[in-house]
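Chemist: What follows is a structure written as structure tokens; I'll ask about it next.
The values are calculated or read from the model by the stated rules, or taken from the named source; none is laboratory data. Everything quoted here is computed from the prediction, not taken from an experiment. All Cβ positions, glycine included, derive from the backbone under ideal geometry; neighbour counts span all protein chains shown.
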Amino acid sequence: MRIDVVSIFPEYLAALDLSLIGKARRDGLIDLAVHDLRDYTYDRHRTVDDTPYGGGAGMVMKAQPWSEVLERIDESGPLATRPVGDAPAAAATVDDASSTEAEAAERPVLIVPSPAGAVFNQAMAYDLAEHRHLVFACGRYEGIDERVIEWAEDRFDVRPVSLGDYVLNGGEVAVLAMVEAVGRLLPGVVGNPDSLVEESHSDGLLEYPVYTKPAQWQERDVPEVLLSGNHARIARWRRDQQLRRTADRRPDLILELDPESLDKADRVL
Ligand code: ADE
């Protein structure tokens, strides 16, 4: 997978060199580049923002540096039809309709982190993991001039995405979270793919509690069933714990469950 991240704080994204995602990059599973938006400005101060039309507090990110960096990324990404620096490809003719459709289906996904976006979740992470090219546009200040978002729709599959119902200072923290959530779903990134199956949200429920040695610690015992060696009992106990936890902590998820996904022995707790 190819990932491009645009930010005015490229150093913020240095954490993507570490841990699982860093290793996936070194192993060639993720080709990730971070771009400094200020490299696409032409004034001495490398200005990326200006005052909002209509007045109001704060500053708005200017359209021009964004369109230039996004054009550059689109033209050099894995879905590009021409190398960087070449003249733009001629407009598609009617004869090209079918290949144009295929390319449209493969447009890079442009994720615009914003508190005004759809809230990110595991289903979105799975969906994004299916794409070949993700581009993240980290806004700061009051956001990016809306015309960039409209303009980008001709080239990208544009998706405003929020990390949650709170306000961050910019998109960088959201990108760290999303790249990790998506990257770990790519084949070969997580050593044991079974660990992706039994984790929170993979089946719409929260994960069951886990324990390791010793069996007794500070007068607290590991639940007896886990020491029983009875795999059917253990599986039932874990499923009950998932249902109970989810009902306690995230009743909204219980309401969203597909009734088909419930097993006969599942009880409403
Ligand atoms: N930028 C500012 N707040 C954000 C949020 N909640 N999610 C994603 N990007 C943001």
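Chemist: What pairs come up if the first residue lies in segment 113-127 and is closer than 16 Å to residue 199 by Cβ, the second is assigned to a helix (DSSP H, G or I) and β-branched (Val, Ile, Thr), and their beta carbons are under 6 Å apart, counting only those six or more places apart or on different chains?
Modeler: Short answer, once both residue conditions are applied: 125/182.
Chemist: Moving on to the next point. If you take the residues in segment 200-239 that are among the acidic types (Asp, Glu) and either assigned to a loop (DSSP other than H, G, I, E, B) or in contact (Cβ under 8 Å) with a residue 24 or more places away in the chain (or both), which one is farthest from residue 180 (Cα to Cα)?
Modeler: Here is the first cut: in segment 200-239, the residues among the acidic types (Asp, Glu) are 203, 207, 219, 221, 224.
Next, only the ones that are either assigned to a loop (DSSP other than H, G, I, E, B) or in contact (Cβ under 8 Å) with a residue 24 or more places away in the chain (or both) stay: 203, 207, 219.
Values: 203: 19, 207: 19, 219: 37 Å.
Among residues in segment 200-239 that are among the acidic types (Asp, Glu) and either assigned to a loop (DSSP other than H, G, I, E, B) or in contact (Cβ under 8 Å) with a residue 24 or more places away in the chain (or both), the one farthest from residue 180 (Cα to Cα) is 219.
Chemist: Being outside any strand (DSSP E or B), modelled with pLDDT under 95 and among the charged types (D, E, K, R) narrows it down to one residue among 74, 43, 86, 39; which is it? If you could, list the steps in order and put the result at the bottom.
Modeler: Numbers: 74 fails: modelled with pLDDT under 95; 43 fails: modelled with pLDDT under 95; 39 fails: modelled with pLDDT under 95.
Within the list 74, 43, 86, 39, the selection yields 86.
Chemist: May I ask you to verify whether residue 148 is touching a residue at least 12 places away in the same chain (Cβ under 8 Å), crowded, with 19+ Cβ neighbours inside 10 Å, assigned to a helix (DSSP H, G or I) and away from the ligand (no atom under 12 Å from the Cβ)?
Modeler: Details: touching a residue at least 12 places away in the same chain (Cβ under 8 Å): yes; crowded, with 19+ Cβ neighbours inside 10 Å: yes; assigned to a helix (DSSP H, G or I): yes; away from the ligand (no atom under 12 Å from the Cβ): yes.
Yes: the conditions hold for residue 148.
Chemist: Taking the condition surrounded by 20 or more Cβ atoms within 10 Å (Cβ to Cβ) and without any contact (Cβ under 8 Å) to a residue 60 or more places away in the chain, does residue 65 pass? Give the derivation first.
Modeler: Values: surrounded by 20 or more Cβ atoms within 10 Å (Cβ to Cβ): yes; without any contact (Cβ under 8 Å) to a residue 60 or more places away in the chain: yes.
Criteria met by residue 65.
Chemist: State whether the residues of segment 189-199 include one that is within 16 Å of the ligand (Cβ to nearest atom), touching a residue at least 40 places away in the same chain (Cβ under 8 Å) and among the aliphatic types (A, V, I, L, M). Don't jump to the end; show me each part of the working.
Modeler: First, the residues of segment 189-199 that are within 16 Å of the ligand (Cβ to nearest atom): none.
Among the residues of segment 189-199, not one is within 16 Å of the ligand (Cβ to nearest atom), touching a residue at least 40 places away in the same chain (Cβ under 8 Å) and among the aliphatic types (A, V, I, L, M), which makes the answer no.
Chemist: In addition: Could you grab me the full set of residues in segment 164-177 that are more than 12 Å from residue 138 (Cβ to Cβ) and of a type outside the set (Val, Ile, Thr)? Break it down into steps so the answer makes sense when it comes.
Modeler: Keep residues of segment 164-177 that are more than 12 Å from residue 138 (Cβ to Cβ), which gives 164-167, 177.
Hits for segment 164-177 are 164, 165, 166, 177.
Chemist: Here is a follow-up. With under 30 Å from residue 257 (Cβ atoms), in the same structural domain as residue 257 (by TED's automatic domain parsing), surrounded by fewer than 18 Cβ atoms within 10 Å (Cβ to Cβ) and not polar (S, T, N, Q) as the only criterion, which of 193, 223, 214 stands out? So that I can check it myself, show each step before the final result.
Modeler: Working: 193 fails: in the same structural domain as residue 257 (by TED's automatic domain parsing); 214 fails: under 30 Å from residue 257 (Cβ atoms).
Only one candidate passes the filter, namely 223.
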